[in-house]
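Visitor: Can you keep this structure in mind? I'll have questions shortly.
The values are calculated or read from the model by the stated rules, or taken from the named source; none is laboratory data. These figures come from a predicted structure and were not determined experimentally. No Cβ is skipped: glycine too gets one built from the backbone with ideal geometry, and neighbour counts run over all protein chains shown. We work out accessible area using only protein heavy atoms, side chains counted, and drop any ligands, DNA or RNA first. Shrake-Rupley method; radii C 1.70, N 1.55, O 1.52, S 1.80 Å.
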Amino acid sequence: MVELIYRSVVDIAQAIRRQEVSSEAVVRAYLTRIDAVNPKLNAVVQVKAEQAIAAAKEADTALSKGDIKGVLHGVPMTIKDSLDTAGVISTGGTQGRAHFIPEKDATVVARLKNAGAILMGKTNT
């Protein structure tokens, strides 16, 4: 599964759609990698593991019924903390927004989610 995290987004999306790999397996592979390297890098400032796994399971169930949300169906992503994510703290790298939870996604985040991508967490700004 390690090599999975080094594949392109296109390859991962196609593998999920062809059911060669589950979205849940991909999400778990990335979460394992984050756990392994993030303590030294501090690249991911918020990990939403439980939510990402739940969303991946939903994506897998939908796919098994032939329901594909978009070209990124079931593909995990992280997003910079400078971009608002509904229901997830978005600090923009400032302490003044340490508790700010936006009600709606930034346009790019909404578009990625509408394409089927799954938010795993927020990355450092």
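Visitor: Identify, from the list G66, G70, G93, the residue that is under 26 Å from R7 (Cα atoms), open to solvent by less than 80 Å² (accessible area, probe 1.4 Å) and touching a residue at least 12 places away in the same chain (Cβ under 8 Å).
Guide: Testing whether each residue is under 26 Å from R7 (Cα atoms), open to solvent by less than 80 Å² (accessible area, probe 1.4 Å) and touching a residue at least 12 places away in the same chain (Cβ under 8 Å) leaves just G70.
Visitor: Collect the residues in the stretch 96-118 that are closer than 28 Å to Y6 by Cβ and of a type in the set (S, T, N, Q), keeping them in residue-number order.
Guide: N114
Results for (1) among the small types (G, A, S); (2) open to solvent by 70 Å² or more (accessible area, probe 1.4 Å), shown as yes or no for each residue.
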{"site": "A25", "(1), (2)": "yes, no"}
{"site": "L83", "(1), (2)": "no, no"}
{"site": "A86", "(1), (2)": "yes, no"}
{"site": "R97", "(1), (2)": "no, yes"}
{"site": "E103", "(1), (2)": "no, yes"}
{"site": "K113", "(1), (2)": "no, no"}
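Residues are listed down the side, and each one gets a yes or a no for (1) open to solvent by 100 Å² or more (accessible area, probe 1.4 Å); (2) within 17 Å of T123 (Cα to Cα); (3) not basic (K, R):
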{"position": "A13", "(1), (2), (3)": "no, no, yes"}
{"position": "L31", "(1), (2), (3)": "no, yes, yes"}
{"position": "K40", "(1), (2), (3)": "yes, yes, no"}
{"position": "I53", "(1), (2), (3)": "no, no, yes"}
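Visitor: Here's another thing I want to ask about it. Here are A13, A29: which of them is in contact with a His (Cβ under 8 Å, 6 or more places away or on another chain) and of a type outside the set (K, R)?
Guide: Going through A13, A29 in turn, just one is in contact with a His (Cβ under 8 Å, 6 or more places away or on another chain) and of a type outside the set (K, R): A13.
Visitor: Being under 15 Å from N124 (Cα atoms) and at pLDDT 95 or above narrows it down to one of V27, V47, so name that one.
Guide: V47
Visitor: Quick test for you: out of G116, G93, G74, pick the one residue that is modelled with pLDDT under 95 and on the phi > 0 side of the Ramachandran plot.
Guide: G93
Visitor: Let me ask another. Does A52 fit the bill of being touching a residue at least 40 places away in the same chain (Cβ under 8 Å) and either under 18 Å from D105 (Cβ atoms) or of a type in the set (D, E, K, R) (or both)?
Guide: Judged against the criteria, A52 is a match.
Visitor: Please count how many residues of the stretch 96-124 are in contact (Cβ under 8 Å) with a residue 60 or more places away in the chain and farther than 23 Å from V21 by Cα.
Guide: Qualifying residue count for the region: 3.
Visitor: Just give me the residues in the stretch 46-64 being in contact with a Gly (Cβ under 8 Å, 6 or more places away or on another chain), over 28 Å from F100 (Cα atoms) and of a type outside the set (A, V, I, L, M), in sequence order.
Guide: Within the stretch 46-64, D60 is the sole residue that qualifies.
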